[in-house]
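Take a look at the structure set out below.
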Amino acid sequence: DTGVSQNPRHKITKRGQNVTFRCDPISEHNRLYWYRQTLGQGPEFLTYFQNEAQLEKSRLLSDRFSAERPKGSFSTLEIQRTEQGDSAMYLCASSSYRGVREQYFGPGTRLTVT
Amino acid sequence: RKEVEQDPGPFNVPEGATVAFNCTYSNSASQSFFWYRQDCRKEPKLLMSVYSSGNEDGRFTAQLNRASQYISLLIRDSKLSDSATYLCAVIRNTGGFKTIFGAGTRLFVKA
């Protein structure tokens with residue numbers, strides 16, 4: 001399978017705990033995006049990497065959120081001191097630097113904060 | 001006002017019908033446009049890119065109107081399997097590649 005993969009697929013955590021999600025993009029894609037999606041809404045942009053550089057970060061992303069892409073391949077998204085409002089689907093997408101930059105999504109990580 | 005807006009629907013249409021969705025965007029720096037399809041509790045899947053000259057793929061046709069700042073998606077001969085949420089996505093040209101999605105339009109195709 002050469003698509004975008006995400007792990008874990010589901011995560012249940014207690015409020016106040018830290019969680020980390022992983023995304024493996026399509027191998028030849030150098031751009032990687034993180035989104036958050038809640039019920040009835042479209043994906044909400046969180047941050048974007050080109051290779052290992054984090055080029056843009058949403059103002060909606062609080063200091064509790066951090067993302068890395070250390071070698072320009074896989075990426076991690078960490079949420080510290082989780083809150084119930086963090087419950088959502090966290091989606092990762094990747095795109096090539098060529099062409100019109102279509103993004104391809106992974107299956108997402110569904111986070112539930114209790 | 002949201003930067004990318006869609007009619008949430010739902011659109012309820014019979015099989016074989018033609019249905020059209022619009023998506024308006026407010027940022028004139030928007031440069032790339034896409035339609036995605038999302039099934040319930042699944043990830044969005046790219047349906048088609050939207051070019052200035054329009055784009056057609058089988059029963060699906062997408063168009064861009066830069067002057068009025070909207071994109072459209074036309075589905076002909078609707079199938080039951082077309083039932084899904086259709087998301088439009090817009091990439092700005094502001095030095096980065098921030099992508100803004102609409103909230104989606106729900107389509108139900110009935111037998």
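Select, from B:Phe21, B:Phe97, B:Phe11, the only residue that is within 9 Å of chain A (Cβ to nearest Cβ), among the hydrophobic types (A, V, I, L, M, F, W, C) and open to solvent by less than 60 Å² (accessible area, probe 1.4 Å). Spell out how you get there, then give the answer.
Numbers: B:Phe21 fails: within 9 Å of chain A (Cβ to nearest Cβ); B:Phe11 fails: within 9 Å of chain A (Cβ to nearest Cβ).
So the residue among B:Phe21, B:Phe97, B:Phe11 that is within 9 Å of chain A (Cβ to nearest Cβ), among the hydrophobic types (A, V, I, L, M, F, W, C) and open to solvent by less than 60 Å² (accessible area, probe 1.4 Å) is B:Phe97.
Give me the residue from region B:77-94 that is in contact (Cβ under 8 Å) with a residue 40 or more places away in the chain and loosely packed, with under 14 Cβ neighbours inside 10 Å and, out of that set, farthest from the other protein chains (Cβ to nearest Cβ). Step through it out loud before you land on a result.
First pass over region B:77-94, keeping only residues in contact (Cβ under 8 Å) with a residue 40 or more places away in the chain: B:77-80, B:84-94.
From what is left, the residues that are loosely packed, with under 14 Cβ neighbours inside 10 Å are B:77, B:79-80, B:93-94.
Working: B:Asp77: 25, B:Lys79: 23, B:Leu80: 23, B:Asn93: 11, B:Thr94: 9 Å.
The extreme case among them is B:Asp77.
So if I check each of A:Leu77, A:Leu91, A:Leu32, which one is modelled with pLDDT of 90 or more, under 29 Å from B:Tyr51 (Cβ atoms) and out of contact with any Asp or Glu (no Cβ under 7 Å at 6 or more places or on another chain)?
Numbers: A:Leu77 fails: under 29 Å from B:Tyr51 (Cβ atoms); A:Leu91 fails: out of contact with any Asp or Glu (no Cβ under 7 Å at 6 or more places or on another chain).
The conditions single out A:Leu32.
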Among (1) away from chain B (no Cβ under 13 Å); (2) open to solvent by less than 60 Å² (accessible area, probe 1.4 Å); (3) part of a loop (DSSP other than H, G, I, E, B); (4) not β-branched (Val, Ile, Thr), A:Phe21 falls short only on (3)
Every residue in region A:65-82 that is open to solvent by 30 Å² or more (accessible area, probe 1.4 Å) and assigned to a loop (DSSP other than H, G, I, E, B), please. A:Pro70, A:Lys71, A:Ser73, A:Phe74, A:Gln80, A:Arg81
If we keep only residues of region A:83-111 that are in a loop (DSSP other than H, G, I, E, B) and of a type in the set (S, T, N, Q), then the residue nearest to the other protein chains (Cβ to nearest Cβ) is A:Gln103
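If you go through region B:47-59 one residue at a time, do you hit one that is open to solvent by less than 30 Å² (accessible area, probe 1.4 Å), farther than 20 Å from A:Arg101 by Cα, touching an Asp or Glu at 6+ places or on another chain (Cβ under 9 Å) and of a type in the set (A, V, I, L, M)? Steps first, please.
Step one: list which residues in region B:47-59 are open to solvent by less than 30 Å² (accessible area, probe 1.4 Å), which gives B:48-50, B:54.
Adding the requirement that they be farther than 20 Å from A:Arg101 by Cα leaves none.
No; the residues of region B:47-59 include none that is open to solvent by less than 30 Å² (accessible area, probe 1.4 Å), farther than 20 Å from A:Arg101 by Cα, touching an Asp or Glu at 6+ places or on another chain (Cβ under 9 Å) and of a type in the set (A, V, I, L, M).
The values are calculated or read from the model by the stated rules, or taken from the named source; none is laboratory data. Bear in mind that the values here come from a model prediction, so they are computed numbers and not experimental data. For neighbour counting, all protein chains shown are included, and Cβ atoms are generated from backbone atoms with ideal geometry for every residue, glycine included. What goes into the accessible areas is simple: the full protein's heavy atoms, side chains included, and nothing from ligands, DNA or RNA. Shrake-Rupley method; radii C 1.70, N 1.55, O 1.52, S 1.80 Å.
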